[in-house]
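Everything below concerns the one structure shown next.
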Amino acid sequence: MINQNEPFYLPYRIRRIASYLFLCPAIFLLMNSRALYGQETFIPKPAKLITTFPIVLFTGGVTIVRARLGDFPDTLNFVLDTGSGGISLDSATAVRLGLHPSASEQQLLGIAGISQAKFLYNQVLRLPGLTVDSLNFHVSDYDILTSVYGEKIDGIIGHSFFSRYIVEINYDSLRVSVYSQGSFRYPRSAYQLRPVIPSIPIIATETDDAKKVLARYFFDTGAGLCALFSNDFINDSSLLNRKKKFYLTQAQGLGGKATMRLTVIDELKLGPFHFHKVPVYLFDDLYGITSYPNLCGVIGNDILRRFNVILNYDRRLICLTPNSHYHDLFDYSYTGMSIYRENGAIRVGDVMDGSPAEKAGIRVDDVLLAINNSFNGNMQLYKNLLQNTGDKLKIIVSRDGQLMTFNLQVKSIR
């Protein structure tokens, strides 16, 4: 029975607790001190916009920024490359500027070879509106990249830069914005990736062809392609349909050229975003750049440029917002030849066996003078013309001092 005349009309246990807390207020405060102090949260300062500057987009989505080194007046071309674990300068540029790199024990690894690294220590990079100091540039030979793009490539900007700032790459406006580290308001429509970033961001991506496969890849804005898979991964995963058609081609990177196969997979998924009929390159990873099975390849900038990208290495965060290029058609063209600029001339560097270029009669070392009566010598224009699937092109070359004309039809790999 409950005595309703008691001063507290409470069940026995609650009355005991109330009495205990009434007699022991110090214990009550002590018990709740963790909750009280938990209300104090330390937050970083808001990120501040430092600068914004233009970028130039080359074929395949390779992104170029212009900057100066130290007190040298010359403006240099750098590739903005999340696939680089540091920052680098072309060896010919170093010679032209009178710089003398120091030897080191480190080695540089690329798709086509390994080279011994030399360094320029404690250098300063001057971007528009931003000076970045205390940078250690490794020095590499980027002559192959200069030949491929037809413009001088003086270096590559990678992890040494991205790790210090929040960097927004807007492929709609072709501008980069650089912010100080701190709390940042991301676009509400953005999808957030949570990469692992030892030095190069690593993301998980699902692909689908003969079967669905989830694997890890480098997130590489410096790769002018959609995707690059190692043959070890392809063989072990059985990703590809057995009836898949392959086309021999050449790709270029650190160390030189590498022969690869080109094909199309049914689907590539990046977070919630699905891309269908995606061109991919397959290569023998002879130098272990992917360290398979830890990584299976590269997701390149012909996929990534379809988003406006925010890179926050400090928070291990990449934000993707689909942009106006999201629905751009993929490049399914195949000619079987590659062109390079050498000593002011545009030459045919490679011709694959059985390719449209070989069947048309084009040979290695032919000097390319015109495509469809365009004699302006613009490498980017010529590459764009060679990407028009199904087009019949008139190719004019010089061979052993003689002008020759060939008709080449651009094939589709789809």
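Overview of values
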item: Conditions (1) under 21 Å from Leu386 (Cβ atoms); (2) surrounded by 20 or more Cβ atoms within 10 Å (Cβ to Cβ): number failed by Val309; result: (1)
item: Residues that are surrounded by fewer than 16 Cβ atoms within 10 Å (Cβ to Cβ) and within 30 Å of the chain's Cα centre (by Cα), drawn from the range 356-386; result: Gly377, Asn378, Gln380, Leu381, Asn384
item: Selection count, the range 321-362, where residues are in contact with a Gly (Cβ under 7 Å, 6 or more places away or on another chain) and part of a strand (DSSP E or B); result: 6
item: Enumeration of residues in the range 118-146 that are surrounded by fewer than 22 Cβ atoms within 10 Å (Cβ to Cβ) and either of a type in the set (Val, Ile, Thr) or not in a strand (DSSP E or B) (or both); result: Val124, Pro128, Gly129, Thr131, Val132, Asp141, Asp143, Ile144, Thr146
item: Matching option when the condition is touching a Gly at 6+ places or on another chain (Cβ under 6 Å), outside the structural domain of Asp350 (by TED's automatic domain parsing) and part of a loop (DSSP other than H, G, I, E, B), among Ile289, Ile200; result: Ile200
item: Some residue of the range 233-243 being part of a strand (DSSP E or B), modelled with pLDDT under 95 and surrounded by fewer than 17 Cβ atoms within 10 Å (Cβ to Cβ); result: no
item: Residue within the range 285-304 that is hydroxyl-bearing (Ser, Thr, Tyr) and farther than 22 Å from Ala204 by Cβ present; result: yes
item: Those strands (runs of 3 or more DSSP E) lying entirely in the range 50-107 with at least 2 residues more than 14 Å from the chain's Cα centre (by Cα) and more than 25 Å from Tyr287 (Cβ to Cβ); result: 63-69, 76-80
item: Yes/no for Leu386 being in contact with a helix residue (DSSP H, G or I) (Cβ under 7 Å, 6 or more places away or on another chain) and under 24 Å from Val264 (Cα atoms); result: no
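The values are calculated or read from the model by the stated rules, or taken from the named source; none is laboratory data. All values reported here derive from a predicted model rather than from experimental measurement. Cβ atoms come from the backbone with ideal geometry, glycine included; neighbour counts cover every protein chain shown.
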